[in-house]
Amino acid sequence: MMTRRLLTLFALAGFALGFGGLAYAQSTVTMTPSLTSGDGTLTIPTMTWATSPALTTGTPCTASATPTTPLWAGVKAGSGSVSNLGPFTADQRLTLACTFPGDSIVTFTWVNPTTNTNGTPLTDLASVRIKHTFNAALTANPDVAATGETHTDVAQVPPLSTRTITGITQTGTLRGAAFARNTGGVWSVASNVATKAFQGNVVVTQQVDLIVRSVPNVVTGFSAQ
């Protein structure tokens, strides 16, 4: 019987932590007013906003202001613009909070073993099995899938060293490990455990401060003799 060898596994967070998957750790909201200050009153000729990655469905953003004003309030699309926003007669902080969907992708990468535990060349690597779960621990037996545990087999003809899994909807810490299998059906022991955190929806907030400078009242009683 061919002896077993431990292989190395790394979990890469796609954009969100890699995550991305869109992994949204780098999600941003941009607000761009054409003016941010004025004397006495302020009307902004154009206010534009955008999200990155772009939120293109529905109204994922909410506008608010301090102090509150109906001029900047309510739900907004993920990008847009308004003209002649105002007039504002006092300093104002405009806020836009946008909800980005949570990461739903994990990409596992690993290094395939090339030798057996007795030092002989491994020439019949058949597959790599990835086990992953949101449970507190993974089971160590590659043939046994506990409740909530998923097995993904990656055939090694030709050799592969990456597998992306999509459609992840749970939140918490995903744990994964890999096992090498030869053509005789003998498994290696488990690799190291790799983890990735899934936090669900992410709210990103951006703010713009508007300054309305005071203007002295008009001089009265001015005369000449």
Residue count for the stretch 53-87, restricted to those that are more than 25 Å from Ile211 (Cβ to Cβ), hydroxyl-bearing (Ser, Thr, Tyr) and surrounded by fewer than 16 Cβ atoms within 10 Å (Cβ to Cβ): 3
Being touching an Asp or Glu at 6+ places or on another chain (Cβ under 9 Å) and either part of a loop (DSSP other than H, G, I, E, B) or at positive phi (or both) is the filter here; which residues of the stretch 68-94 pass it? Asp91
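Only residues that are exposed (fewer than 14 other Cβ atoms within 10 Å of the Cβ) and either at pLDDT 95 or above or part of a strand (DSSP E or B) (or both): list them for the stretch 196-210, please.
Within the stretch 196-210, Ala197, Val203, Thr205, Asp209 meet the criteria.
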When you check Val128 against the structure, is it part of a loop (DSSP other than H, G, I, E, B) and either of a type in the set (Val, Ile, Thr) or loosely packed, with under 13 Cβ neighbours inside 10 Å (or both), yes or no? no
Which one of Phe179, Phe222 is in a loop (DSSP other than H, G, I, E, B) and not assigned by TED's automatic domain parsing to the domain that holds Ala90? Phe222
Residues that are modelled with pLDDT under 95 and either out of contact with any strand residue (DSSP E or B) (no Cβ under 6 Å at 6 or more places or on another chain) or on the phi > 0 side of the Ramachandran plot (or both): does the stretch 149-158 have at least one? yes
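The values are calculated or read from the model by the stated rules, or taken from the named source; none is laboratory data. Please read these numbers as outputs of a predicted model, since none were measured by experiment. Here the Cβ is made from the backbone with ideal geometry for all residues, glycine too, and neighbour counts use every protein chain on show.
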